[in-house]
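Colleague: If you scroll down you'll find the structure; I have some questions about it.
Only the coordinates and a few stated rules stand behind these numbers; no lab work does. A quick note: this is a predicted structure, and the numbers were derived from the prediction, not measured. A quick note on method: Cβ atoms are made from the backbone with ideal geometry, for glycine too, and the neighbour counts reach across all protein chains shown.
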Amino acid sequence: MKLSSRLFSLLLALGVFSQAAGSFSPPNLTPDDADDSCQLVPDGTIPNFYIGFALGYAVKGQESWWRENPLYAPYDRDVQGWWDNAVVEAERSGVHFVAPVTRGCNPCGQINAGDACPRELTKLVEAMRRRPIAPKAALFVDTASFPVDKNLCRRGEFSLNPPYDFGDALGAGEGGWDYFWKHNIEIFYDVIPQDLLFTIHGQPVIYFWSVAPGLGFANHRGNLKRFLEFIRASVRGKVGAEPFIVLDQTWVSLDPTITARQAEGVNDWFNPLVSACTIREWGGKKFAVSVPGFSDSALSEYNRRFSRDGGKTLKDCLARIDSEKTFLTLLEGLTNVEESAGFYRSLHPDWSYPEQYLDIVGALVEKNTRWVYRRPCLK
């Protein structure tokens, strides 16, 4: 009998599985050679393979316009059970991390433009502490809300204009790097304990989304590089290690002075008019983003859509990601109900069974997991 890595890890964490209870044995040992107290455990993943979910949490109850309702209810981030459920779902898939999609904590007493202040993540910490094999937490900085936060502070207007000026580090004019650092990234590291951080080579992972002019950003060239150097130094001072930064491609397109010294990775996000996934090489490694399907929100002015195709869309993307030996993959996103791009459990007809999309991911994780005995196991 073959146990999935998810089931085996759970049994292991509960103290149920031992050599005497199963049929696993590594090539150089037979069951007769193994002590009954030996345990077969995942020995990390095959080198250079990491995968995780973006975890959006700006959800506060069922919306009538959602097209693919989750199985769990109430789908409300103010309820602890919502976070518990998200962690259980991520755990089932075997991913290495979840990346909460943060949008800043407005410092001016105004509303938070993106309704995703990282102070909300105390419930995520509680959920992760409940689970013995929960994935770790990376950070996703959803950049689009920061120009709005700046304009709310400066003039009380919910607007992208004037645009956020990356050349204005101190915020004397239309910029201010502390919107990103002091009022978002630093708070994330205040809330998430270091033992729960997802790291690569000891570096906590941070994703930055787009800084396209259409999202309200200006004065990029040379200043994005300076900004990233500021963030690297600030994170090092906060947690004792420089971050492993992965950028959306707009950063390096708009500031070609950025090199692998400022960012360890770059991805091409995905284009709903073209493909459900992309893979980009940067610094000798490949970085991917994938969705299982997509449909613009019913409240959006756009109407871009591609089908889940019974899971084939995701399977094809993950097969490509696997075949190209991709180093780091972000799946958008575990809870993305607004854009019909979620991996959560559902009874919707586009799911063959509730856990289908979690298990498609789990199959790739299992393929890239090595099993070893914790000890030599010789009598």
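Colleague: Tell me, how many Å apart are the Cα centres for region 267-332 and for region 333-362?
Modeller: 15
Colleague: Continuing with this model, one more query. Given H placed on each backbone N at 1.01 Å, which residues far from Ala99 in sequence or on other chains put an amide H within less than 5 Å of it?
Modeller: Correct list: Phe53, Ala54, Leu55, Ala138.
Colleague: Between Ala260, Ala58, Ala134, which gets the highest mean-square fluctuation from a Gaussian network model of the chain, Cα cutoff 10 Å?
Modeller: Comparing Ala260, Ala58, Ala134 in the GNM, the peak value goes to Ala260.
Colleague: As a test, work out the antiparallel percent of DSSP beta bridges whose residues both lie in the chain, rounded to the nearest 5.
Modeller: 40
Colleague: For the chain, take the longest principal axis of its alpha carbons; what is the angle in degrees between that and the long axis of helix 356-367, to the nearest 10 within 0 to 90?
Modeller: 70
Colleague: In a shell of Cβ-Cβ distance under 15 Å around Phe158, excluding Phe158 itself, what net charge do Lys and Arg (+1) and Asp and Glu (-1) give?
Modeller: Net of charged neighbours comes to +1.
Colleague: What number in nm² do you get for region 49-181 if you take the convex hull of its Cα atoms and divide its surface by four?
Modeller: The number I arrive at for region 49-181 is 9.9 nm².
Colleague: Sum up the charges of everything whose Cβ sits under 12 Å from the Cβ of Pro349, counting Lys and Arg as +1 and Asp and Glu as -1, but leave Pro349 out.
Modeller: With Lys, Arg at +1 and Asp, Glu at -1, the neighbours total 0.
Colleague: Next question, about the same structure. Using only alpha carbon pairs under 8 Å that are at least six residues apart, calculate the relative contact order of the chain and give it in whole percent.
Modeller: 21
Colleague: Among 194-201, 340-347, what's the highest-first ranking by average C-beta atoms within 10 angstrom per residue?
Modeller: In descending order of packing, they fall as 340-347, 194-201.
Colleague: Normalised radius of gyration for region 306-361, please: alpha carbon Rg relative to 2.2 N^0.38 Å, two decimal places.
Modeller: The value comes to 1.13.
Colleague: Based on alpha-carbon atoms only, what is the radius of gyration of region 250-336 relative to the globular estimate 2.2 N^0.38 Å?
Modeller: Cα-based Rg divided by the globular estimate yields 1.20.
Colleague: Chymotrypsin sites (Phe, Trp or Tyr not before Pro), restricted to region 212-305: which are DSSP loop and have at most 10 other Cβ atoms within 10 Å?
Modeller: The qualifying sites are Tyr302.
Colleague: Which value, in debye to the nearest 20, describes the size of the charge dipole of the chain about its Cα centre when Lys and Arg Cβ atoms bear +1, Asp and Glu Cβ atoms bear -1, and nothing else is charged?
Modeller: Roughly 600 debye, rounded to the nearest 20.
Colleague: For a quick check of your reading of the filter: which chymotrypsin sites (Phe, Trp or Tyr not before Pro) in region 146-179 sit in a DSSP loop and have no more than 14 other Cβ atoms within 10 Å?
Modeller: Qualifying residues, ordered by number: Phe158.
Colleague: In nm², what is the average projected area of the convex hull enclosing the Cα atoms of region 46-369?
Modeller: Averaging across all directions leaves 15.2 nm² for the Cα convex hull.
Colleague: Something else about it: For labels at Lys367 and Arg131 in the simple 7 Å Cα→Cβ model, what's the distance in nm?
Modeller: Spacing of the two 7 Å Cα→Cβ label points: 2.3 nm.
Colleague: Another question, then. Using +1 on the beta carbon of Lys and Arg, -1 on that of Asp and Glu, and nothing else charged, what's the dipole of region 83-230 about the Cα centre, debye to 20?
Modeller: 160
Colleague: Would you please state the base-10 log of I(q)/I(0) at q = 0.12, 0.13 1/Å for region 280-379, with intensities from the Debye formula using one equal scatterer on every alpha carbon?
Modeller: -0.49, -0.55
Colleague: Could you tell me which of Asn69, Thr335, Thr199 has its Cα farthest along the dipole of the chain towards the positive end, charges placed at Cβ (Lys, Arg +1; Asp, Glu -1), taken about the Cα centre?
Modeller: So the residue we want is Thr199.
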